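Below you'll find the structure, written out as structure tokens, and then a few comments.
FYI, it's all coordinate maths here, none of it is from the lab. Note that the structure is predicted; figures quoted are calculated from it, not measured. Please note: Cβ atoms are built from the backbone with ideal geometry, for glycine as well, and neighbour counts cover all protein chains shown.
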Amino acid sequence: MENCNGVTVYKDAPMECAYVFIKDTHGNIKTIPHSFFKWNEPSTEESEWITGYLTLKNISDQIREKLGHLSGVVFVWIEHPLRGEIYQIGNYPDCDFWIENGTTKGFA
């Protein structure tokens, strides 16, 4: 399994959507809104097309910090018009890093 901790997630990028979900140990799935996170400021040249960014590791670190733990599985879906990626953390006991769970053709 490849470590995907460094993958960048953009808050508001044109032609790209990012969603964060957490599936708790009881099977309940909850969306984590963008407002939950403290987003990094984009560089000057990026600020014309994005308002913030995080790495996948930043996302799991902030969830741990705010909730006090990371129990369950966290998913991040990044969608583009022609493809998409689904990442996860927390599904495998010996794997404390993000992995790519799947890809899509078009919006997930």
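When the charge dipole of the range 1-97 is built from unit charges on Cβ atoms (+1 for Lys and Arg, -1 for Asp and Glu) and taken about the Cα centre, the candidate among M1, A18, N91 whose Cα reaches farthest toward its positive end is N91.
Put the Cα centre of the range 83-107 next to the Cα centre of the range 1-77 and the gap is 12 Å. Counted by neighbouring Cβ atoms within 10 Å, the residues E45, E65 run from fewest to most as E45, E65. Listed by chain and number, the lysines whose alpha-carbon sits under 29 Å from that of K66, ignoring those within fewer than 8 places in the same chain, are K11, K23, K30, K38, K57. A value for percent of Cα pairs over 24 Å apart was derived from the coordinates, and within the list [x] 57; [y] 21; [z] 27 it appears as [y]. About its Cα centre, the range 1-107 has a charge dipole of approximately 400 debye under the convention of +1 per Lys or Arg Cβ and -1 per Asp or Glu Cβ, with nothing else charged.
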